1. Only one of (1) closer than 30 Å to A:Ile87 by Cβ; (2) touching a residue at least 24 places away in the same chain (Cβ under 8 Å); (3) not aromatic (Phe, Trp, Tyr) fails for B:Leu314. Which number is that?
2. Looking at the range B:294-312, which of its residues are out of contact with any strand residue (DSSP E or B) (no Cβ under 8 Å at 6 or more places or on another chain), within 10 Å of chain A (Cβ to nearest Cβ) and of a type outside the set (Asp, Glu)?
3. Please find, within the range B:96-154, the residue that is nearest to B:Thr84 (Cα to Cα) out of those that are polar (S, T, N, Q) and in a helix (DSSP H, G or I).
4. Under the condition of being in a helix (DSSP H, G or I) and touching a Leu at 6+ places or on another chain (Cβ under 7 Å), which residue from the range B:346-381 is nearest to ligand 2 (Cβ to nearest atom)?
5. With the condition kept exactly as written, say whether any residue in the range A:168-185 is surrounded by fewer than 19 Cβ atoms within 10 Å (Cβ to Cβ), within 16 Å of ligand 2 (Cβ to nearest atom) and of a type in the set (Gly, Ala, Ser).
6. Out of curiosity, is B:Ala303 at pLDDT 90 or above and either crowded, with 19+ Cβ neighbours inside 10 Å or over 29 Å from the mean Cα position of the chain (by Cα) (or both)?
7. Here is a check on your reading of the model: is A:Gln103 outside any loop (DSSP other than H, G, I, E, B) and touching a Lys or Arg at 6+ places or on another chain (Cβ under 7 Å)?
Amino acid sequence: MAIVSLKGIDKVYTKGRETVEVLEGIDLEIDEGDFVALMGPSGSGKTTLLNLIGGIDQPTRGSVVVGGQQLVGLSSNKLAKWRSENIGFIFQSYNLLPVLTAQRNVALPLLLTKLSAAQRRRRTEVALQIVGLEDRAKHKPGELSGGQQQRVAIARAIVADPAVLICDEPTGDLDRDTANEILDLLEILNKDYGKTIIMVTHDPKAASHAHHILELDKGQLVKQVA
Amino acid sequence: MNKFSLIWSNLFRRKVRTFLILFSVLVAFLLFALLRTVAGAFEVGIDFAGVDRLNVSPKYSIIDPLPITHLNEIDRLEGVASITHQTWFGGTYQGLNNFFPKFPVNPRAYFAMYSEFEISDVHLEAFANSRTGAVVPESMARQYDWQVGDRIPIEGDIWLMADGGKLWEFDLVGTYTTGGEAGLSSAFLFNYDYFDEARVEQTQGLVGWFTVKVANPDEAAALAAEIDALFENSMNPTRSATEAEFTRQFASQVGDIGLMMNGILSAVFFTILLLTANTMMQTFRERIPELAVLKTVGFTDVAVSLLIMSESILLCALGGALGIGLAILVSDAIGPQVEAFFGTFRLSTATIGTGMAIAVLLGIVVGLFPALSANRLQIVDALRK
Ligand SMILES: Nc1ncnc2c1ncn2[C@@H]1O[C@H](COP(=O)(O)OP(=O)(O)OP(=O)(O)O)[C@@H](O)[C@H]1O
Ligand SMILES: [Mg+2]
């Protein structure tokens, strides 16, 4: 069953009289539990596509259904609530809050839930355990290595137990070995925890961890490699 | 973690900057609270000045005294309920630091005139019946640690003793209370009779001003005009005004002080406003990607702007509370020393309340623009930066 279903997606940016067609006629289905790598040259629209699936951007035309929810036309508030329950975001530059400890960064999305403080603490602990950083809970991002920061970011992405993880070049800033550790972690999340993962990457080795590879070029899906 | 600790942590992202801002806000509110209290102390004196009392002072110069013979002439006028006189003694008690007004008065007439001052019959009798007797407000006795029976030396400057001596000695025979509201009137009082006998002969029979209780307050202005007319062509013309007006004239500088204080405070707050607004805006700009992340993980636009607004209010309220708190400590510390001059010198609840309200308002104004910008922030644009 498709957890992500995009139909007839166009994304056009207008600047003055100039229009840039960033995405053109995208139709895409991603099954629940899939691990998809999205590749393509710089500027081909990968991030834009990911943002549409994650509900932080809206298409110019077309329909975006994720987890059974039509995202097109949803209000900003409804989208925010929906994201907090359904999507985990992992960015290339980790995007942790520098003033908060690892633990608090991870706990951040739980502030939006009705969970008790004890439940939030428990969930945060589990998330940190999964990424193998329970001993760094009290450290601030500035005191952690890049790989460790990305683990914290992954813990934050999974702490509210969303079905879909969206990763925009999650290993782009990491060396080979650290990148592999992160990719292994993503595989575990996919295999053992059933997360559907959509990952943008430029690195074919990283893409090889995925079940499918999608390729974007100039705003169009050009091929789908099994 | 809760939302408050999120706000709190953000406040201290740049510790030095936050402390500098906090300190500036603190100083501004310390200044506000102290200046308001000073102004308030003066205003209290003015507010409580009797409306049924006239002050008859020399027309041209406060320093130029009036002959005591005026007293009987005024007393004969219709509409005068009672009359007494006071004189500015000047003088110093153990150095210039110990400032308090000293007036030679007629004990019974004085306390009859100022019925709001409370003195026990025993003390009043003792005062009236001892030549060198003096009475002081309780707060003054406490401040200088005087006991009834103490001999208090005052070094004269305006008024010298007949033998040319400067040292006046008074025996403390009692205390009175001013109800804490008397402002400038809370004075060291001693017997006019002794003062008059003991001073240089040529200066005898001169007093500073008269205080007249009018039978009908509605006719106070008319009576004032009548008194002034009486002495118009004498050697010592007078100027009469109700005590409230007199106090206001005496303290017209006070009015200026009030105006000046408001000016200073406005300037201070304006500076603080710019300073904090600039800091909050700077903080906001630095955090655009973080705010986008908060929105990404599900914080609504309103939640993010409230976060910013709360930080701003917290920062200003904290600075305000610290400043006002410090002002309370300061006023507690220096209160006893200045009480003789100001009556009471304590932060009023109105000052504290106004101060905190201004602090919160400052926070709102300062946080408004960053909060609105945070509200409008588009995740996708912000993350691209
Ligand atoms: N707000 C915008 N206004 C105008 N053009 C935009 C805007 N956002 C993105 N674009 C354009 O859309 C195109 C696709 O951008 P996108 O970030 O999706 O590419 P990408 O495939 O993720 O590239 P990269 O691999 O470099 O991250 C680019 O040409 C970009 O300049
Ligand atoms: Mg990209």
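The values are calculated or read from the model by the stated rules, or taken from the named source; none is laboratory data. Quick caveat, the model's predicted, so the values are computed rather than measured. A quick note on method: Cβ atoms are made from the backbone with ideal geometry, for glycine too, and the neighbour counts reach across all protein chains shown. Protein only, heavy atoms only, side chains kept; ligands, DNA and RNA dropped before computing areas. Shrake-Rupley method; radii C 1.70, N 1.55, O 1.52, S 1.80 Å.
1. It is condition (1) that B:Leu314 fails.
2. First, pick out the residues of the range B:294-312 that are out of contact with any strand residue (DSSP E or B) (no Cβ under 8 Å at 6 or more places or on another chain): B:294-295, B:298-312.
Subsequent filtering for residues that are within 10 Å of chain A (Cβ to nearest Cβ) retains B:294-295, B:298-304.
Of everything in the range B:294-312, those that are out of contact with any strand residue (DSSP E or B) (no Cβ under 8 Å at 6 or more places or on another chain), within 10 Å of chain A (Cβ to nearest Cβ) and of a type outside the set (Asp, Glu) turn out to be B:Leu294, B:Lys295, B:Gly298, B:Phe299, B:Thr300, B:Val302, B:Ala303, B:Val304.
3. Going through the range B:96-154, the residues polar (S, T, N, Q) turn out to be B:97-98, B:106, B:115, B:120, B:129-130, B:132, B:139, B:143, B:147.
This time we only want the ones that are in a helix (DSSP H, G or I), so: B:129, B:139, B:143.
Values: B:Asn129: 18, B:Ser139: 24, B:Gln143: 28 Å.
So, considering only residues that are polar (S, T, N, Q) and in a helix (DSSP H, G or I), the one nearest to B:Thr84 (Cα to Cα) is B:Asn129.
4. Kept after step one, since they are in a helix (DSSP H, G or I), are these residues of the range B:346-381: B:349-376, B:379-381.
Retained after the next criterion (residues that are touching a Leu at 6+ places or on another chain (Cβ under 7 Å)): B:362-363, B:365-366, B:374.
Details: B:Leu362: 42, B:Gly363: 38, B:Val365: 39, B:Val366: 36, B:Ala374: 24 Å.
So the residue we want is B:Ala374.
5. Scanning the range A:168-185 turns up at least one residue that is surrounded by fewer than 19 Cβ atoms within 10 Å (Cβ to Cβ), within 16 Å of ligand 2 (Cβ to nearest atom) and of a type in the set (Gly, Ala, Ser).
6. Numbers: at pLDDT 90 or above: yes; either crowded, with 19+ Cβ neighbours inside 10 Å or over 29 Å from the mean Cα position of the chain (by Cα) (or both): yes.
Judged against the criteria, B:Ala303 is a match.
7. On the way: outside any loop (DSSP other than H, G, I, E, B): yes; touching a Lys or Arg at 6+ places or on another chain (Cβ under 7 Å): yes.
Taking the combined requirement at face value, the residue satisfies it.
Condition check ((1) away from ligand 1 (no atom under 16 Å from the Cβ); (2) modelled with pLDDT of 95 or more; (3) more than 35 Å from the chain's Cα centre (by Cα); (4) of a type in the set (S, T, N, Q)) across all residues:
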| position | (1), (2), (3), (4) |
| --- | --- |
| B:Pro289 | no, no, yes, no |
| B:Gly323 | yes, yes, no, no |
| B:Arg346 | yes, no, no, no |
| B:Thr351 | yes, no, no, yes |
| B:Lys385 | no, no, yes, no |
